[in-house]
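These notes are about the structure you will find just below.
The values are calculated or read from the model by the stated rules, or taken from the named source; none is laboratory data. Not measured: the values here are computed from a predicted model. As a convention, Cβ positions derive from the backbone with ideal geometry for all residues, glycine included, and neighbour counts pool all protein chains shown. Each accessible area value is taken on the protein alone, full model and side chains, heavy atoms only, with ligands, DNA and RNA left out. Shrake-Rupley method; radii C 1.70, N 1.55, O 1.52, S 1.80 Å.
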2 protein chains.
Amino acid sequence: MSPLRKLLVDVHTHVYLPRYASVLRSRSNAPRIFTRNTPSGQSEDRLLILDDEPSGGRPVGGQYWDRDEKLKFMDRHGIDISFVSSANPWLDFLPFSEAQTLAQQLNADLESYCATGPTLAPDAELKRLYGFGLLPLVPGAPGESLPEAVLQLAAQHPHIRGVIVGSRGAGSGLDDPALEPLWAALAETGLVVFLHPHYGVGAQAWGTRDNGHVLPLALGFPFETTTAITRLILAGVLDRHPKLRILLAHSGGALPQLSSRLASCIDHDPVLAGRLAHDARWYLGRLWFDAVAYGAAELEFVSEAVGRAGRYGGTAAATQLGGRKEGASRMLFGTDHPKWRSVVENLEAIEEVGTWTEEDKAGVQGWNALRLFQL
Amino acid sequence: MSPLRKLLVDVHTHVYLPRYASVLRSRSNAPRIFTRNTPSGQSEDRLLILDDEPSGGRPVGGQYWDRDEKLKFMDRHGIDISFVSSANPWLDFLPFSEAQTLAQQLNADLESYCATGPTLAPDAELKRLYGFGLLPLVPGAPGESLPEAVLQLAAQHPHIRGVIVGSRGAGSGLDDPALEPLWAALAETGLVVFLHPHYGVGAQAWGTRDNGHVLPLALGFPFETTTAITRLILAGVLDRHPKLRILLAHSGGALPQLSSRLASCIDHDPVLAGRLAHDARWYLGRLWFDAVAYGAAELEFVSEAVGRAGRYGGTAAATQLGGRKEGASRMLFGTDHPKWRSVVENLEAIEEVGTWTEEDKAGVQGWNALRLFQL
């Protein structure tokens, strides 16, 4: 297959598998799915993710749990392959033992969702559906349980190519030293870590005006991702686990724009001096970024910020990175379906990046994903 | 004077005037200046801005209050003109009546600091020092007091060309409807609003590892600025006050990178639908951004995000905006002196923006500031 042949791969597309939706329906506080009547008298399922969520949550339906609807959505937009992931809040609300059991069940469900789905072409090996699995990464998770879950996932479920992970870890964040064996296992298996926000950062600063979901979604989500990956960098996790592969939701939030400021702050801080192996900007060249930023200027800038990473290296490995092409090679198309109606916006943004070649664009549209997920 | 003649103007440089430093010395809780002995037995003044600040605050000295030291710093780096502003936390910790009195005194001090300082050349009218004044923008400020203070400032202090403003307003944020007369007065007088962070946003998400000042400074500060300007946009303040001129600290924080996401969130939100006159990205073309981002890619991107604003207009006025040149024309060199040792970094970043012409760079280095401050 020529690298210029168009292949569209969606790495940011969510599901609530039927088993998960049943769990949400059984609950009386958030996260939960409840049924209410619309003003016109129709019955409507609504999803409440957080108890204090504005607007009484959002409508939810088959687009979350019905595989045929996912495939129809893909067909409508010419998406060849989707890497589906459970939507937040994953298993965060469950005690460890329940989270562990449900993770195993949902991973088996997801493997079946992908494996029994269509192939890319009648004679193709590639499937149209792959997935990110779940880990019982909740407070109280015993030390060995997480790397064990990773090894089991990698061994048993060939269509699960990564895990989706929130920012709270086992309750103390992803920079918790207790998670070292988890990062080691993820690096060893090659499963991709999809770092995705849920709680938001900054809620105390939203004020009292009714701005709907705008501040938590437009700012709180990317602030959370930015904070989580920054804490991982500052903790040296990327230094200690060079093979760990992390994909950041929403193009890394604000990390690219704040990365030189971050480097400057680290340089000026006596507590951090000498802790990290590299300038903060170097680590952007170690990460992957979905292309879910809704604008061409944003995408171009992210690829710049990733592409310059090699300049901040200093080792032979570091200088192999670098350049705008390298930047674009670490970005991957995504839709954020079904929460967002922005497929066209995100596709147009890729087309409109003036500094990307056709080959760069084809990479972002699909080929980069096949490389990242080793397919 | 040719627009290509080099003129270096620093719009982001702080002072604690002697009167303000005395107030801080008299206090027993933050913000305060206290004296302690260093491990080598020397006496050292330290500034504690927040009670829970890591590392016991930071050293503070004449670089904050001595005008000769500011001028020496300017000479050392070839800075022709500085627009000095009080460093945070301004008057935020005082009850209104004290804040009002101290603001008047400090504004008179600042006028004298600038007016009795040197001129740019023996026969020049331009001074080397101009300033941003203070407003008694604290909880309990009576409705009329703020516009009155603005009008008084503009009438009495010709070297004060703007005001520095934090994000809390009179206690409820800058989107407080009670502040409408303030914005109207600022728009009327043409004083530039320098929006600067202090409290940070996101502290609850920093975790328990000791990362020094890095997370609050590298992320919390820009998150705060991003939140404050977003709330102003969502409240319609920029729609209602087209002449209001706002300069954002630290290149607008994360606003440029999150601006298309913000636009998309607004488009999808029933609460916001129809509230604003323009797409969120349009408002970036209404703002000014300091060039304090420590990297060329960041500066180039901000100018892109500002330059594209006109595309999201729709009125005749809107389409007059637009283009990379317009983007660069709204960016202004700054140092963040004396808190930061980054003058060279910021100057190099401007030089290294590949898409800026020499004229664009000369604008960012100095001429844009003269236009913005109407000198």
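Observations, loosely collected:
- Positive-end residue, segment B:114-250 charge dipole about Cα centroid, Cβ charges, pick of B:Gly236, B:Ala155, B:Gly202: B:Gly202
- Two-decimal log10 I(q)/I(0) for segment A:207-348, as the Debye equation yields it once each C-alpha is a single scatterer, q = 0.09, 0.20 Å⁻¹: -0.29, -1.22
- Counting Cβ atoms of other protein chains within 10 Å of each residue's Cβ and taking the mean over peptide A:285-295 gives 3.
- Entry note, chain B: relative contact order of 16 percent, from Cα contacts under 8 Å with a spacing of 6+ residues.
- Rg ratio (alpha-carbon, reference 2.2 N^0.38 Å) - segment A:125-198: 1.09
- The same position B:Gly140 in the other copies lies at 4.8 nm from this copy, comparing label points 7 Å beyond Cα toward the beta-carbon, shortest first.
- At q = 0.20 Å⁻¹, base-10 log of I(q)/I(0) for segment A:285-375 (Debye sum, equal scatterers on each alpha carbon): -0.89
- Seen through its C-alpha gyration tensor, with square-root eigenvalues sorted a ≥ b ≥ c, segment B:36-157 comes out oblate because a/c lies at 1.5 or above while a/b is not bigger than b/c.
- Accessible surface calculations at 1.4 Å, restricted to protein heavy atoms, place the protein assembly as shown at 35 Å² per residue.
- Highest-MSF residue in chain A out of A:Thr208, A:Thr35, A:Thr230 [GNM, Cα springs under 10 Å]: A:Thr208
- Average partner coverage of A:224-230, which counts Cβ from other chains inside 10 Å: 4
- Share, in percent, of DSSP beta bridges within the protein assembly as shown that are antiparallel, nearest 5: 25
- Inter-copy label distances at A:Ser22 (7 Å, Cα→Cβ; nm, one decimal): 7.6
- Residue (of B:Gly327, B:Leu287, B:Val302) at the positive-pole extreme of segment B:215-365, dipole from beta-carbon charges: B:Leu287
- Principal axes of segment B:40-105: Cα extent on each, largest first, Å: 40, 38, 18
- Built amide H within the under 5 Å cut-off of B:Val15, gap 5+: B:Ser85, B:Ser86, B:Ala87
- Rg then Dmax, both in Å and based on the Cα atoms of chain B: 20.1, 66.
- Assigned charges on the beta-carbon of Lys, Arg, Asp, Glu; segment B:125-260 dipole about Cα centre (debye): 360
- Unsatisfied cross-links (Cα-Cα over 26 Å) in the set A:Lys6/A:Lys243; A:Lys243/A:Lys339; A:Lys127/A:Lys339; A:Lys6/A:Lys325; A:Lys339/B:Lys325; B:Lys70/B:Lys325: A:Lys6/A:Lys243; A:Lys243/A:Lys339; A:Lys339/B:Lys325; B:Lys70/B:Lys325
- Share antiparallel - DSSP beta bridges, chain A, percent rounded to 5: 25
- Restricting segment B:138-196 to GluC sites (Glu not before Pro) that sit in a DSSP loop and have at most 16 other Cβ atoms within 10 Å of their own Cβ leaves B:Glu144.
- Segment B:1-49: equivalent-ellipsoid semi-axes (sqrt of 5 x gyration tensor eigenvalues, Cα, Å): 36, 16, 8
- Top of A:Arg36, A:Arg330, A:Arg311 by mean-square fluctuation, Gaussian network on chain A, Cα under 10 Å: A:Arg36
- Normalised contact order of segment B:4-80, rounded percent, pairs of Cα under 8 Å and 6 or more residues apart: 29
- In nanometers and ordered shortest first, the copy-to-copy spacing of the A:Ser112 label point, defined 7 Å from Cα toward Cβ, is 8.2.
- Gyration tensor verdict on the protein assembly as shown (Cα atoms; rounded if a/c is under 1.5, prolate if a/b is larger than b/c, oblate otherwise): prolate
- For segment A:84-144, the Kirkwood radius over C-alpha pairs fed into Stokes-Einstein at 37 °C and 0.692 mPa s yields D = 255 µm² per second.
- Distant alpha-carbon pairs in segment A:89-237 (separation over 26 angstrom), percent: 33
- Of the trypsin sites (Lys or Arg not before Pro) in segment A:234-276, those whose Cβ has at most 12 other Cβ within 10 Å and which sit in DSSP loop: A:Lys243
- Dimensionless Rg over Rh [segment B:233-307; C-alpha; Kirkwood]: 0.98
- Accessible heavy-atom area order of A:Ser112, A:Ser40, highest first, probe of 1.4 Å: A:Ser40, A:Ser112
- DSSP beta bridges fully contained in segment A:116-197 are about 10 percent antiparallel.
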